[in-house]
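A short worksheet on the structure shown next.
Derivation of every value follows stated rules applied to the coordinates shown; laboratory data play no part. Since the model is a prediction, treat every value here as computed from it, not as a measurement. Counting neighbours? That spans all protein chains shown, and the Cβs are built from the backbone with ideal geometry, glycine included.
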Amino acid sequence: MDIALLSMALSQGQVQQQASLSVMKQAMDQAQQGADGLTKMMASADVAALEHAAQPHLGGNIDFKG
């Protein structure tokens, strides 16, 4: 087996692995930023508004049968 060919293949594999890790780190950073933003938004939001957004059909009508 040719040593130079083996060395080039190993080097190419390492470059591909480094690129893959870099992309994964970027994706993880973006996910963390999104989670931080969502947490911050939920902490500052009104609980009643959040409940209404989750179930908008509840609490809109009152039935007075008597």
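Go through the range 23-66 and give me each residue that's at positive phi and of a type in the set (Asp, Glu).
Once the filter is applied, which keeps residues that are at positive phi and of a type in the set (Asp, Glu), the range 23-66 yields nothing.
Show the residue pairs that are 6+ apart or on different chains and have beta-carbon atoms under 9 Å apart, the first residue being within the range 24-42 and under 17 Å from residue 53 (Cβ atoms), the second being part of a helix (DSSP H, G or I).
Pairs found: 42/50.
Going by what's in this entry, would residue 4 be described as of a type in the set (Gly, Ala, Ser), part of a helix (DSSP H, G or I), more than 30 Å from the chain's Cα centre (by Cα) and loosely packed, with under 10 Cβ neighbours inside 10 Å?
yes
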